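Colleague: Before I ask anything, here is the structure I am working with.
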Amino acid sequence: MLRLRLLTWDVKDTLLRLRQPVGESYAAEARAHGVRVQPEALGQSFREAYGAQSQRFPNYGQGRGLSSRQWWLHVVEQTFRLSGVHEDRVLTLMAENLYRDFCNACNWEVLPGAVETLSRCRQRGFRMGVVSNFDNRLENILCQCNLRHHFEFVLTSEDAGFAKPDRRIFEKALCLGGVPPEQAAHVGDNYTRDYRAARAVGMHSFLLRAVGQDKEPEVPPKHVLPTLDHLLALIERG
């Protein structure tokens, strides 16, 4: 059995996922203002706008004079512009509404097995925290989805000033948890940002990977979670 005291968790697509594709949510907001845009087009435009903004201002504009709110408002407005919507007044209103709406449970759902697994981990006496590439809305989202009480701390990349896979965000989490890396494990769905990055600082880690997903050859089967329900069994096996 692994001698663990602290479990850290990724959030998006590990504990929570969007209820519907981003393009669907943006199209619904547009319809409320009498604007018709295809969800597929908005989805593609969002990926372009998000990618360009992330490259120009990494980690929600940290250290670049932007707040994460300003960062996101630009992404949303640019998404609609790329899809052919150019009226400034409507763009501003839609961006404000969507920024607010993605902060509550109407747009997020808890993944199967998450509540049960978190509860069982707490019952076993593990200390737990969140390590997520997210902005400062995450605390409220976790509260809205009734998950916040499971964690001693929520460390976002905006708060830390560093985004996964930067080792410094994991080092900060270990300080918050008060444990050495060999007594901690991270759970996430991304090979580079979660699995490999946590191991680079000496932590254990588990990769959540649904059946049918591509397999990274470096990940031993005992580190792979087909579902969150498998976590405690893998910890006990060591």
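The values are calculated or read from the model by the stated rules, or taken from the named source; none is laboratory data. Only a predicted model underlies this, so the values are computations on that prediction, with no experimental measurement involved. Cβ: placed from backbone, ideal geometry, glycine included. Neighbour counts: every protein chain shown. Please note that ligands, DNA and RNA were not included when accessible areas were found on the heavy atoms of the full protein model with its side chains. Shrake-Rupley method; radii C 1.70, N 1.55, O 1.52, S 1.80 Å.
Colleague: Go through the residues of the stretch 81-98 one by one and say whether even a single one is closer than 17 Å to residue 21 by Cβ, in contact with a Lys or Arg (Cβ under 9 Å, 6 or more places away or on another chain) and not basic (Lys, Arg).
Modeller: No; the residues of the stretch 81-98 include none that is closer than 17 Å to residue 21 by Cβ, in contact with a Lys or Arg (Cβ under 9 Å, 6 or more places away or on another chain) and not basic (Lys, Arg).
Matching residues to (1) closer than 15 Å to residue 49 by Cα; (2) among the β-branched types (Val, Ile, Thr):
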| site | (1), (2) |
| --- | --- |
| 71 | yes, no |
| 79 | yes, yes |
| 82 | yes, no |
| 95 | yes, no |
| 101 | no, no |
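Colleague: Another question, if that's okay. Of everything in the stretch 129-176 that's part of a loop (DSSP other than H, G, I, E, B) and among the hydrophobic types (A, V, I, L, M, F, W, C), which residue is surrounded by the most Cβ atoms within 10 Å (Cβ to Cβ)?
Modeller: 134
Colleague: If residue 215 satisfies all but one of (1) basic (Lys, Arg); (2) in a helix (DSSP H, G or I); (3) modelled with pLDDT under 95, what's the number of the condition it fails?
Modeller: Failed condition: (2).
Colleague: Out of all the residues in the stretch 198-211, which are open to solvent by less than 10 Å² (accessible area, probe 1.4 Å) and in a helix (DSSP H, G or I)?
Modeller: 198
Colleague: Quick one: residue 14 ticks every box in (1) touching a helix residue (DSSP H, G or I) at 6+ places or on another chain (Cβ under 6 Å); (2) open to solvent by less than 10 Å² (accessible area, probe 1.4 Å) bar one, so which box is it?
Modeller: Residue 14 satisfies all of (1) touching a helix residue (DSSP H, G or I) at 6+ places or on another chain (Cβ under 6 Å); (2) open to solvent by less than 10 Å² (accessible area, probe 1.4 Å) except (1).
Colleague: Here's another thing I want to ask about it. Kindly check whether there is at least one residue in the stretch 183-197 that is over 20 Å from the mean Cα position of the chain (by Cα), outside any loop (DSSP other than H, G, I, E, B), crowded, with 17+ Cβ neighbours inside 10 Å and touching a residue at least 24 places away in the same chain (Cβ under 8 Å).
Modeller: yes
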